[in-house]
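Here's the structure, in structure tokens; my notes come after.
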Amino acid sequence: MRPLVARIDLDALRHNYQLAVRCAPQSRAVAVIKADAYGHGALACAKALSAHAQAFAVASLEEALVLRRGGIDTPIVLLEGIFSVDELALVDAQRLWMAVHSRWQLDALLAFTPEMPIPVWLKVDSGMHRLGFAPAEIDAVWRALSAASQVGELHLMSHFATADATDNGYYAHQLGVVRKLARRLDAPLSLANSPATLAHPDAHGAFNRPGIMLYGSDPLEQASAASRALEPVMTLRAEIIALRDIEPGEPVGYGGRFRAARRSRIAVVAAGYGDGYDRHAADGTPVLVNGRRATLAGKVSMDMLTVDVSDISEARIGSEVVLWGRAENGAVLSIDEVARHCDTISYTLLTGVLPRVPRCYHELTHHERAHHDPTPTHHGERHQG
Ligand SMILES: Cc1ncc(COP(=O)(O)O)c(C=O)c1O
């Protein structure tokens, strides 16, 4: 088998979820597992969290159906509501909760007769200018939804554009817009994404919506004590498949972007952009070889990438290469650091891992949990994909 897997540490996922709960003890934490749980496998992650999470959030009915068909009966919120009127029948039949962000969704809901009242999250555009009713429209829409027999529990939701930033001026503006409405309507709120869950207690509401933090990426521009306690969930692990020594001045890979400044040992690794590793990764992007830091040397190819291992004398064919996550010796390479070298964010790297990379799930068995030693374990592994 080609030596490339995305190892998913379900204990780390639960640890990060519990951290979101501890940061906001008065709120319920909706685990955001849209986009196949940010590339980690939505059903496996939902099952791992099902004894803990009070609700899940996804982007579409299709994503919700994957969970329901997999046996998840926890509440599921559709963050963008329905995309067409005929979806309402399944929202009702599958007991989903839905955002209402637009007039046509409101009209469709009020013209529908569900078996059971549908819990609704009314979305206000407090300044992100993506989805939601304008603040001036909210009073009337809230009143219409409150009076409708189709509607169950009603919440007011909004999304922050800059909750991760150290300059919190615009964040404070958005929060002010929502707070004014909430006071008038006495509305329960759902506002906080991961950065607000970690860093802005004033945004904590009835429900928070942590996403990226569940997967161990630090969403804050400036890390905090809480964000530093996050644990990586995905480890993208490959191996060295070839080694060669090159002379000073010799190029490596397409376009010869990397040129050796000294006599160098180059390792070829079984991972490329055809697996989702970002082709924008610059020379110098860190990787872990046998748990020691080395750097990318040369443009990423479709199925391979090249690493300068001149300073890692024990590098051999078959040596472990961690592209992000935790190495077998316990060393961690943060996906946020890798993302910076690719001029992107952890979200795109995680959601970009392609289906040809098998996801391999591991968690502590009951016995191991009882005698927990924090070194990584390989027991209880399952493959998917
Ligand atoms: C409406 C909404 N809520 C919550 C989240 C979770 O955000 P994060 O992953 O930054 O925690 C997202 C993600 O894009 C979202 O669109």
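The values are calculated or read from the model by the stated rules, or taken from the named source; none is laboratory data. What you see is a predicted model, and the numbers here were worked out from it, not measured in a lab. All Cβ positions, glycine included, derive from the backbone under ideal geometry; neighbour counts span all protein chains shown.
Scanning region 129-160 for residues that are assigned to a loop (DSSP other than H, G, I, E, B), crowded, with 16+ Cβ neighbours inside 10 Å and in contact with a His (Cβ under 9 Å, 6 or more places away or on another chain) turns up Leu131, Gly132, Phe160. Yes or no: Glu80 within 15 Å of the ligand (Cβ to nearest atom) and part of a loop (DSSP other than H, G, I, E, B)? Considered against the rule, which asks whether it is within 15 Å of the ligand (Cβ to nearest atom) and part of a loop (DSSP other than H, G, I, E, B), Glu80 comes out as yes. Within region 197-205, does at least one residue satisfy the condition of being near the ligand (Cβ under 10 Å from one of its atoms), crowded, with 23+ Cβ neighbours inside 10 Å and within 24 Å of Met98 (Cβ to Cβ)? There is at least one residue in region 197-205 that is near the ligand (Cβ under 10 Å from one of its atoms), crowded, with 23+ Cβ neighbours inside 10 Å and within 24 Å of Met98 (Cβ to Cβ).
Screening His204 on (1) more than 18 Å from Gly132 (Cα to Cα); (2) under 18 Å from the mean Cα position of the chain (by Cα); (3) touching a residue at least 60 places away in the same chain (Cβ under 8 Å) shows it passes everything except condition (2). The residues of region 212-226 that are under 18 Å from Asn168 (Cβ atoms) and not in a helix (DSSP H, G or I), listed by number, are Asp218, Pro219, Leu220, Glu221, Gln222, Ala223, Ser224.
Within region 214-226, take every residue that is over 15 Å from Thr351 (Cβ atoms) and within 12 Å of the ligand (Cβ to nearest atom) and give me the one that is surrounded by the fewest Cβ atoms within 10 Å (Cβ to Cβ). So the residue we want is Leu220.
Residues in region 24-44 that are outside any strand (DSSP E or B) and either over 25 Å from Asp202 (Cβ atoms) or in contact with a Leu (Cβ under 6 Å, 6 or more places away or on another chain) (or both): Ile33, Lys34, Ala35, Asp36, Ala37, Tyr38, Gly39, His40, Gly41, Ala42, Leu43, Ala44.
For (1) at pLDDT 95 or above; (2) within 20 Å of the chain's Cα centre (by Cα); (3) closer than 24 Å to Glu137 by Cβ, each residue gets a yes or a no:
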| site | (1), (2), (3) |
| --- | --- |
| Leu67 | yes, yes, no |
| Ile82 | yes, no, yes |
| Glu87 | yes, no, yes |
| Arg95 | yes, no, no |
| Trp104 | yes, no, yes |
| Asp107 | yes, no, yes |
